[in-house]
Every structure is written in structure tokens, then in C-alpha cells.
1. Write down the Å³ per residue value for the convex hull defined by the alpha carbon atoms of segment A:137-233.
2. Where in segment B:223-243 does the label zone of residue B:190 land, with the point 7 angstrom along Cα→C-beta and an amide N cut-off under 20 Å?
3. Assuming R0 = 22 Å, can you tell me the calculated FRET efficiency for the pair residue C:87 and residue C:169, based on Cβ-Cβ distance, to the nearest 0.05?
4. Just counting partner chain Cβ atoms within 10 Å, what average do the residues of peptide A:159-170 show around their Cβ?
5. How high is the relative contact order of chain B, in percent, counting Cα pairs under 8 Å that sit 6 or more residues apart?
6. Could the peptides B:384-391, A:154-161 be put in order, highest first, of the mean number of other beta-carbon atoms found within 10 Å of their residues?
7. Could you give the distance between the Cα centres of segment A:167-225 and segment A:46-120, to the whole Å?
8. Scaled to the compact-protein estimate 2.2 N^0.38 Å, what is the alpha-carbon radius of gyration of segment C:73-206, rounded to two decimal places?
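Nothing in this text is a laboratory measurement; each read-out follows from the coordinates by a stated rule. Only a predicted model underlies this, so the values are computations on that prediction, with no experimental measurement involved. Cβ coordinates were reconstructed from backbone atoms using ideal geometry, including for glycine residues, and neighbour counts include every protein chain displayed.
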């Protein structure tokens, strides 16, 4: 075609390949710097020996022992096992509590009863304020001396003196309820999906004698499915990565009953005097794989794979 | 083909421009803070002088924590006194000792280290010494008897297996406990100063409980760890196991099991759930309850003399004590130096000399006396004359502090705190208190679980 | 008979609706209301209303701590990083929504992996990177990191929005002589405004509340952001309960106020962006 000399910058940009690259590159560079390099480091060092003794030089474990860190996680590391089970529990709980609750709220609000806008907006507030603040608030709510949970329990069962964060079972639920009911932004997304349903469909159903409950079950729910899928992915991912609430409220305790995978990664690496980054990164790799599997499963269940 | 080449060129140009852009920005950003720091210091001093930067965690406003302001004054006086010899730049880290530790870790990864910093108990030495980033202070301590006396217990406590000392501190955590004399009198219990063995402790606790007085507030952490560490000093065998804590390979030890059984039956199960907090930085209900006059004993360090000021329990009732042992009349206290001043190995000779000079200043008898007098804490120095200090101080809480320090210093047995002894296992031990308290865990369960933890941590 | 039954059903379902709305409002507001009331108490905590309204905590915050500086830092960092990330990611999202090229699936996969990476795992390499660029303790470093942190969310929101725009738009523009770049900035960006503002608002909120990287990357007091200040309260100020409760309110209230003022725009843009997805 034309000689390179005549190729002005403008012309290069009009060329499709050049354009594609030029538009993709900044994002890919940003991704590469912030995520790809750490990702590669996490992956490779999970097959190494890397702790306080060789902080500057991780050593590959050798082909024969390369899975040592992973094997230790599943065979001897009780804290990891607790963390894995807890994180999976939190994923399941977001699916079983947050999602149905949010869907019900969305269905109720979709009828536009009095005060629906206020309710919708108030519901988002816990989602838009910093988790640092939420964590601190719940830490104080659960405090036996100044919180209200102990006081309320004492009203119902005098002398029970429940200390939420001192009991392994209560503490797990304490952490759970610091985030699980807050589905405000999910609810908003669901609402918009409901509002985008063609009113003609309802009319047809009403003519056939369907009542509101039937409309909910037979029309709204099925049509919301793709959005429920998207929102589920977000919620499940939040459950899987749970960290801030634990770091601020329970610090993994009591008796390590509230460890999550992210908190385990912290406690094993940066948060330990042994600085066992290799093991922490092995747990990180497992967490990433779990995340990808989870999204695959949810997408399959809700068939939300591709919008196009 | 040409198209590809052009797009390739284009993208490499973009990468290059980005890198240049970032690089340019970085130089500017890196230069500015350094420049301002230097500007402050070199105003009077000659630019040729060696410069070292000291980072500490006492950033608090005086109204928030008076000790922080006093510490800054102590540092500044040193800088002023030596301004003709070197530039001593003092930087307060806004995130405290924990922030200094985290920064040091991150910096180590990038191949840097502080000139000199006060780690305030956060132990950076294993990783930093393995990376060769810090100076062994032992030669300097060995050549100067006064310096060695000034660092007191730190010398032995921080001596590593390889015979190096990477850190010393100007103040240590002296820990015994506090009690409320009035509540003991009310219950008709023998006060701690009259105790001869731990049997007296048990009797006193029972007497307090019988009188309807909560003997102590605890949580799944700090105060309970203090008591466990104190009880672990009761006998020769127990002290031996405890002293070897850093290298512990199994918790299946008779004395350790006895200690855990004591914690379960004679301590944790003597109080109700309301007096047992979840632990954590924020959980200070056990302190509040004591100074409000609701509990009879408080397991906390000498520095809590300050808590007695204007407290509801009545300052005159608050008394310090150290732990009994099972050897009649012998007492035990916890004295933990832990990680304090650490000097970077990248410094040149003149800078290192300045850093050592600073540590000598900080551990001198004058500063030690000042640290105690001002109610900041306890000094490690064996040279401190507590009787003279007791005469000198005027306020009630300072008198209490001096008395508490004197008791710790004169205790027959002195040991490190639980955290300094067991490292990460401390967190695992304290995690078991709740289960011990409600009976869901037996002593054997605890030992088995702790051994699992040790196995998992290699 | 039939009719009365359905009336009862209506009544029940509206009562159920009321109950649900009450629960939602209660669970969303009680924590904040409780902290708000507590912040005025002499001894914060408990169920009762304050006996005596004390303003000590707020006085401390506004006099001793330079709250406005923190606020300004948060604003500068959040606005800059939001603009950069939305600009850069929208370009990539557009290309992947519109153009056919090799490795298209790979690009989407690459961005989606970032959803599952815990911040804790990447903190060490990121710190080293920022350090070696000499951007430690600088706003530029934090802006740089924030620009990339939310890459996946922004990408997916924008991509699904671009997919919903009819292709004929650009084809017409190109016939009129617009290049690829021209048609993107002149035609697509204006059309995609709702989608872009959704992504921008999401990014803004995430960056405004980000706490972990701010606390490890920023060291000096005059550079810290609001959430990093809250982090300090858990340790340094734990004895000053009034201060802590007031600090929670002070960090949370601006977000809520901004949200209330913009709630209609927010909701509109969020819905506009989402429906198409």
C-alpha cells in the first residue's frame, strides 16, 4: 500500500488493528502491572519455600516436592481447613440468605407500595459506606460492655450475658450478620430488571386470571433470572473474599472459628512472625481457582453466560 | 506485515512513553520529601555532616498520650546536643509501631531498610537479620560495660542462637499484676503481698468468689496470657519448659498441662461469661472493670499505674504485686524487652556510630530514670535506683509505678512474656481459653490442637 | 366467597410487604442510628438515649485532627483514579464489545480473574512496585493503584452497555468520515453516558471506601484518606470512645449525604447501565 513515510498518525489510528491495540493496550498494561505480575508471583511462589529465612529469595521446592505447600494445607493445617470450610459456608449463606432476601425485597418494592423509593434508597446505605466503618460499628454493637446485643439478650433471657465475639458459634454468626443482609445494590439491579419487563406481559397474564403472587412466581422470577445470576456472582464472590469484616470484628477468633481464606492468607504471610508467604500463596491460588469454578457454576445454573 | 510492524512500533512507543512518564513523576515525588526533611535540619548545621534518620511510633498528640510527647522531647534533646556532629532526623510514623514493622517488611522486600527505627515490640529481627539488613549490636555492648548494664535484661533475652543481638530497648514491659486492697479486705482474703505460694492465690480467689466479688476480669488474650506466663514460673521444671518456648516442638509437657489445667479450673471457670471478653485490641473491659472497683485483680503491666488516677475504685486502694511461685516466699515477674532499636546495615561508619551513640543515650541511667519518673514505663537498666526514685517522684501514680517497677526488678525469677516466648503459638494458645472456660475443651484437647498447629507451621 | 378470599390475600400480601419494608429499613439504619446516638453520650454504648448530649468527640475530630485535609485527599485520589480508570477501561471495553480480533476471549478472561484475587495476596508485590517507582507515600502511587483495582467491574459494566448500542450508529459515523477514534469519542461516548456514569459511580464509591491499600501505601498524616483515618481509631484512639464513634459518623455522613443528593441520578444511571446487560 502506501509507503510508511506517508503514514500519518491519524491514518494509523484509522487502521483497525492499530486501533484495537491502541485502545486495548492502556488497560492491559494497567492490568499487567497491578494484577498479572502479582498473579504470576503468587502462582510460582506457591511451589516454593518462602518464609522469613529467605524473604528475599524464594526457593523452588523441586519437581518432586513441588506440591508440598498444597499437601500441607490439606493434611496438617487445621486453620486452613477451618478457613476453607468457613469461606464455603459464607458463599452458601449468601446464596441461601442474601439472595432470597434481596429477591423478596425487590419483588415487594416492584409493586411500588408507599415508601418504596425510601426503602430502596435506605437499603443501599450499608453498601455505600466504607466496610471499615461497618466493621467498627458491628464491633461495638457486639461489645458486651457498650453494645446492645448483650443487653437485648439479657432482656429476653435474664442473666444470659451473651458475649457474641467470645463464643465460636455466635462469633461466626456475628460476622455473618455484619454483611449478609446488606443486599441494597443487588436489590437495585434486580428492580431495574423487573421494571424493564414489558407491561403487556402482565396484562395478558391478568386477563388469564393470574393474581399478584402468580405473577411473581410465573413471570417476574423467570424473567429476572439473568440478573439474579449476575448479582449472585457478585454476592458469592464477596462471601469468598470476606476479609475486612473479620479483620475488624473478630480477628479470626475465638479459637480461630471465624477464619476466612483471605484472613488465613494474611495470618500465614504478612501477619505471622514466620512470614510463610509460600503457604499463603498456595491458599491464594486455591481461592482464585474456587472463585473461577464458582462463577462457572453460577453462570451455568442461571444461564447468564453471555449477554450478546 | 508492514501493518503489524507499525502497530508494534506504536505500542512500544506507548509503553515507552508511559514508563518515561511514570519514571519522571517518581523522581520528583521521591525527591520532594527528602528535600524538605533535609531543609529542616540543615538550616543551622553544616551540609557535610553525616545524616541519619530515626523513625519512631510516638506520633500521638500530647493530650492523647502524654508519654508520646515526652519521648519526642527526649529524642529531640539528643538531636540538639549532637547537631555539630551529625544530623539526627526524627520522623514519627503515623501508624505507630505496627506501621513501622509493616513498612520495614515491605521495604525489605524492595531491598531497603530504615537507618534506625524503634519497633516498639514488633519483632523484625528474624527476617531482617536473615536478609542481612541489620547490624549486630553485640560487639558494641561487649566493649562498653555501662551500655551493657543499661540494656539490662535485653542483653540475654535478645541474644540469638547465633550469638548476635540485633535489638535493644530503652523500656521494657514489666508485668506483675494490680489488686484492689479494699475488695480483698471486704472478702477477708489474704492480700497478694502476704502470699507465699500459688495455693494462697487459689484461697484468695475462692474467698473473693464466696464474698460475691469477681476476682478478675479476663479475655481471650492479653490479661489471661499474663497470668498463664506468671503461673508458668512456679517451679524449676515449668520455668525450664517455658524458657525454651521459642524452640518448642511439642506442648505435651507435664508442667504445661498443669498450667493449662490451672487456667481452666482455678482461673477461667471462677468468673462468669460477662467478665470474659473476646480479646483483641479493642477489648479492655477487664481494665475498666478493675478501675471501676468491680473486680479485685488486674493482670496488666506496671504502666497501668496511670489507670489509677481518678478511678472509681479509689487510687488509694490500688496496689501492685508480683506473682508467687510454688517455692515458698519466692516471687516471679515478667520482663520483656522484645524488639526495639534496630540499626540498618547499609549505614557507613560515621552513621553507625551516630546510631549507636543514640542507643547508648536512650539506655543511659538518666533517660531510664526519666522514663520511669514521667510514668512512661519501666527501663531495662540494672542501674536504676528505685529507692532514690521513690523519694524523688511526687505524684501518686508515679509512686505506684516506681513501686511496681521495683517489685518486678527485685522478683526472684524474671521471664519473658508469653508472646515473646511462644511467637505465633501465643495466638493459638489464647484461642483456646474460651473452650477451656465453657468446658468444651479438655487440657488434652488443647495440647493436641497446639501440637497440630506446630506441625502445620513446620 | 371467591372475592373475599382474594381480598384477604391482598391484605396479607400488603401486610407482608409492609413488614419486609420495615425490616429492610430497620436493618439498614439501626447500626448507624445507634452509632450516631452513642457519639453524643458521655459513655458511648447501650440502648438508652443520651442523658446528656456531649459533643467532645466531634470537637476532638474537628480541632485536633485535620479532617478537612483527609477529606480533600480522599476527594483528589478518588476523582483522579475514577477518571483514569473509566477512560482507559472504556476504551478496552469498547474494542472488545465491537471489534473482532484474536484473543478476544482471553482479554475478558484476563480481566475477570482479577475479581477473585484477594487484596492481601497482591499487597507485597504492589508495595514493591510502588516503592521502586519512588511513589511511596504519594497520592500519585495510590491513584495509580486505584485506577487498576476495579478494572473488572468497570470493564463488565461498560462492555455490556456498549453491546447494547446498535452498530449502525458508528457505521453511519464512519461513512461521514469519522475514524475509529473519532467515532468512539464523538458518537459512542455520548450515547453510552448512562453506562459510563454507572461505572464511574461504582468506581468512585469503591475507591472512596478503599482502606487496605491506602493504609499501607500512605504514611504521612497530611496525605491520608478518610477510611485510613478510621483504621487509626481502632488502635490509637481506642480509649477515646467518643472520638471513635464521632469519627465513624464523620466518615459515613458525607457518603450518605452525597448519595441522598444524587440518589435519583445514581439510581437512574445504575438502572440504565444494568438493564442492557
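1. Working: hull volume 14.2 nm³, N = 97.
Given the Cα convex hull of segment A:137-233, per-residue volume reads 146 Å³.
2. What the label zone holds, given the 20 Å backbone N cut-off, is B:230-236.
3. Numbers: r = 20 Å, r/R0 = 0.92.
Efficiency, from the Cβ-Cβ distance: 0.60.
4. Working: counts 3, 2, 5, 2, 11, 1, 9, 13, 8, 5, 0, 1.
Rounded to a whole number, the mean comes out at 5.
5. Values: 772 pairs, mean separation 98.5, N = 458.
RCO, chain B: 21 percent.
6. Working: B:384-391: 14.5, A:154-161: 11.1.
Top to bottom by mean Cβ count within 10 Å: B:384-391, A:154-161.
7. Distance between centres, Cα-based: 25 Å.
8. Working: Rg = 16.5 Å, N = 134, 2.2 N^0.38 = 14.1 Å.
In units of the globular-protein estimate, segment C:73-206 measures up at 1.17.
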